[in-house]
Each structure stands twice: as structure tokens, then as C-alpha cells.
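Please read the structure below before turning to the comments.
The values are calculated or read from the model by the stated rules, or taken from the named source; none is laboratory data. Keep in mind that this is a model prediction, so the values were computed, not measured. Methodologically, a virtual Cβ is constructed for each residue, glycine included, from the backbone with ideal geometry; neighbour enumeration extends over all protein chains shown.
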Amino acid sequence: MESAVQIADMLVTTPARTVVDLARTLPFESAVVSGDALIRDFGVAETDLVAELTIAKNRHGVAAAKRVVAFLDAHSESAGESRSRVLCADLGLPTPTPQGNVYGPDGAFLGRVDFYFEGTGVLGEFDGRTKYGRLLRPGREPGDAVFAEKVREDAMRACGFQVVRWTWQDLTTQNIAHRILAALARDRTTHHDGHIEQAALPTPTPLTIHRL
């Protein structure tokens, strides 16, 4: 039996069905960007995606959809973060884990980072323009947010963590590969104090499901 969800006054395909349909028809990177956002916002379970892939098994593009679904990560918080993961995969880099809470040797919370590389002290930060807008509190200037970011990063570096930053422009080049590989190489000869834990996912947006 087909299902639909209600968004405002419209009935649309379920998030899981939408993810698979987009994954069948869009280029890989675009499908990952949209898929990451949908599974994060609506808490789409892997079992729901597998069920939709089974239903679509004879449709055009299902092989591409399976590749996309296997790559999705609900912890990616933005299009830039999703594209960063795709770029790392394309460049043959280790897969970074999205959204890490970094703690010092005394257990003190040092801050959240966009990425971390499991088993290392290498942290990744994607600097989109909207990021500092999200960090800006009422009554503060943009420079305040930038300074707070510097203080946070300095605290992580003081504990031996390697921090690599990149921007939208870097997503169209291979420069990111050289910086990440250099940081991983430095990490092998240094010691970091503290640890990293993946941040919890947000509460999913509730949906009204209709059986058709």
C-alpha cells in the first residue's frame, strides 16, 4: 500500500520514497546533499530506505540509488558538509565522521567540530558563510563570532588536535587532500590529549502519514 505525508496542505511522497527517487535520478553529489538533509530532518530509518529500494528494484537508476543510500549520513548538517564527504571519497581520503564533540583531558567540553577522523586527533571544519551567522548571538558583531571560533580552535590545538579548515571554493579543487593528508601525517608523530564523541541527532520533524 502506498503512503504519503502531509506538508502544509499538500500530500507528497514520504521522505524515504523521496530520497530513493532523487537518488535514482540526480547526480551522486546532489542526491547525497538532498538525502542527508531529508534523513536528518525527518529521522528516516535505514529499514525504510531499504524497503523503498526493494520496491524500486526494477526501476531505472536503482543501482545508483543503492550507492547513494549506503553513503548517506544524518549527522551532516549542511550541503557543504555533505559535499565535503563526497569530495573526500572522490579523492580517496579516509571517510570523516560528521559532527564531533571534542573534550579535553579533564573532560571539559572544548567545542563541536564539523568532522573528525576516527582513531586520530585530526578535526575538520567547513567554513560556509552561514556558519558564523548561526554562531552570532543577539547583540554581538560578526567579529565576535570569529574571535570565539579562534579561542575554541586554540583550545583544541593546545590539546594536540590537528584542525583543518576548508571553504566552498576548496570543494572544487584538490587542495583539501593535501591539507588533510599533511594533518594525518603530523598526527602520527604527535600526541593529543582528550577525546571526541559524535554529537546526538536532533529530534525529527513529526509527519502525518496517509495510506493511499
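Per-structure values
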{"quantity": "Where a residue in the range 76-92 is at positive phi and its partner, wherever it lies, is surrounded by fewer than 18 Cβ atoms within 10 Å (Cβ to Cβ) and of a type in the set (Gly, Ala, Ser), with Cβ under 9 Å and at least six apart", "calculated": "Gly92/Ala177"}
{"quantity": "Checklist (1) more than 12 Å from the chain's Cα centre (by Cα); (2) among the polar types (S, T, N, Q); (3) closer than 22 Å to Thr203 by Cα; (4) part of a helix (DSSP H, G or I) applied to Asn101, failing item", "calculated": "(4)"}
{"quantity": "Condition met for Asp9 (within 22 Å of Leu212 (Cβ to Cβ), at pLDDT below 95 and of a type outside the set (A, V, I, L, M, F, W, C))", "calculated": "yes"}
{"quantity": "Contacts under 6 angstrom Cβ, first residue in the range 44-69 being small (Gly, Ala, Ser), partner surrounded by 16 or more Cβ atoms within 10 Å (Cβ to Cβ) and assigned to a helix (DSSP H, G or I), 6 or more apart", "calculated": "Ala56/Val20; Ala56/Val62; Gly61/Arg24; Ala65/Val20; Ala65/Ala23; Ala65/Arg24"}
{"quantity": "Scan of the range 155-185 for residues that are assigned to a loop (DSSP other than H, G, I, E, B) and at pLDDT below 95, ordered by number", "calculated": "Thr167, Trp168, Thr173, Gln174"}
{"quantity": "Unique match (being assigned to a loop (DSSP other than H, G, I, E, B) and of a type in the set (Val, Ile, Thr)) among Thr18, Thr95", "calculated": "Thr95"}
{"quantity": "Inter-residue pairs, beta-carbon under 8 Å, first within 24 Å of Val151 (Cβ to Cβ) and in the range 163-189, second polar (S, T, N, Q) and part of a loop (DSSP other than H, G, I, E, B), 6+ apart", "calculated": "Asp187/Thr120"}
{"quantity": "Qualifying residue in the range 186-208 (condition: at pLDDT below 90 and not assigned by TED's automatic domain parsing to the domain that holds Tyr103)", "calculated": "yes"}
{"quantity": "Ala70 vs. criteria surrounded by fewer than 17 Cβ atoms within 10 Å (Cβ to Cβ), at pLDDT 95 or above and outside the structural domain of Gly194 (by TED's automatic domain parsing)", "calculated": "yes"}
{"quantity": "Selection status of Asp114, charged (D, E, K, R), part of a strand (DSSP E or B) and either touching a Pro at 6+ places or on another chain (Cβ under 9 Å) or assigned by TED's automatic domain parsing to the domain that holds Glu153 (or both)", "calculated": "yes"}
